[in-house]
Amino acid sequence: MPRLQPYTLLLLLIISLPALANRFANVEINATPLADNLYMLTGSGGNMAALVADNEVILIDAQYAELADKINAKLAELSESKALGTLINTHMHGDHVNGNSALMPKRIIAHANVLKRLTADQAFPRKGLPTETFTSQLSLNLNGQKLRLEYLPPSHTDGDIIVWFEDKNVVHMGDMMFEGRFPFIDLNNGGSVRGYIANVAYVIANIDDQTKVIPGHGQLTDKAGLQRFHQMMVRTLAQVELMQAKGMSNEQIVEAGLGEEWQQWHWNFITEERWINTLLQAEPLTK
Ligand SMILES: [Zn+2]
């Protein structure tokens, strides 16, 4: 390859910049009505929920800053142009909080560990930091709309909450639910394999067959979907533990794989191999 002259490099840079910016150009924000005044919103990144109160809109999760104008346009359309008042973050991952400051909400609520971890991230815009935090539960009654934010013990990270829309029988699970695919468990940010499985079981025990379940990623689901997800985790963990008990090395377990039954849960982010490597890091059972 011939050596590129500086102006050629500059030209290449100029040509490639719009391509980077365009990653979100074709993303549309779609709204699915779930109950009176409540919608699930999809675009790129973690699924959002929008709740329209008498004089404000409440949004759960923020996707990316590049989508903020489109998200605000959709909220205006759904709410007869009410302002975004309260933004709630289910946890600290970029595909749920990157849009925080660009959306310009009046306040941002999250678990205390989300504020701690985002504050430590020097690249995160200070204007997007949560303005109100809690550690256990927070019930909100906002101009006729009720919701309850509940912290569950370390699972996906150490700062995950779920949002109950109790009078509508809907729950937003954030990334404590990946519909139809192996979940990401962020062990570097306080996650826990057994905590994750236990939290999913907890939600199953607290919903009914009519409950609508908004997952962090994937399609709207329900109790049966959560039960399939839970079974997948329990059974693949048992498989891995059985192989460990037989004395197989981690490499041999990855090589052996989980078998045909679980292939459909594999996806580009959490491949079968990555899921096995997560399961291999499950905490030992306390006796
Ligand atoms: Zn996440």
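Kindly indicate the residue of the range 143-160 that is away from the ligand (no atom under 16 Å from the Cβ) and open to solvent by less than 20 Å² (accessible area, probe 1.4 Å) and also nearest to residue 54 (Cα to Cα) among those meeting that condition. The extreme case among them is 145. Identify, from the list 163, 200, the residue that is among the β-branched types (Val, Ile, Thr), within 16 Å of the ligand (Cβ to nearest atom) and part of a helix (DSSP H, G or I). Every option except 200 fails the conditions. For the range 80-98, a tally of residues being more than 10 Å from the ligand (Cβ to nearest atom), among the hydroxyl-bearing types (Ser, Thr, Tyr) and in contact (Cβ under 8 Å) with a residue 40 or more places away in the chain returns 1.
The set of residues from the range 253-275 being more than 17 Å from residue 177 (Cβ to Cβ) and of a type in the set (S, T, N, Q) comprises 263, 268, 271.
When 138, 118 are screened for being among the aliphatic types (A, V, I, L, M), touching a Leu at 6+ places or on another chain (Cβ under 7 Å), farther than 30 Å from residue 238 by Cα and within 16 Å of the ligand (Cβ to nearest atom), only 118 passes.
Is it the case that residue 133 is under 30 Å from residue 283 (Cα atoms) and hydroxyl-bearing (Ser, Thr, Tyr)? Break it down into steps so the answer makes sense when it comes.
On the way: under 30 Å from residue 283 (Cα atoms): yes; hydroxyl-bearing (Ser, Thr, Tyr): yes.
Judged against the criteria, residue 133 is a match.
The values are calculated or read from the model by the stated rules, or taken from the named source; none is laboratory data. What you see is a predicted model, and the numbers here were worked out from it, not measured in a lab. We place every Cβ from the backbone using ideal geometry, glycine too, and count neighbours over all the protein chains shown. Calculation scope for accessible area: heavy atoms of the full protein, side chains included, ligands and nucleic acids excluded. Shrake-Rupley method; radii C 1.70, N 1.55, O 1.52, S 1.80 Å.
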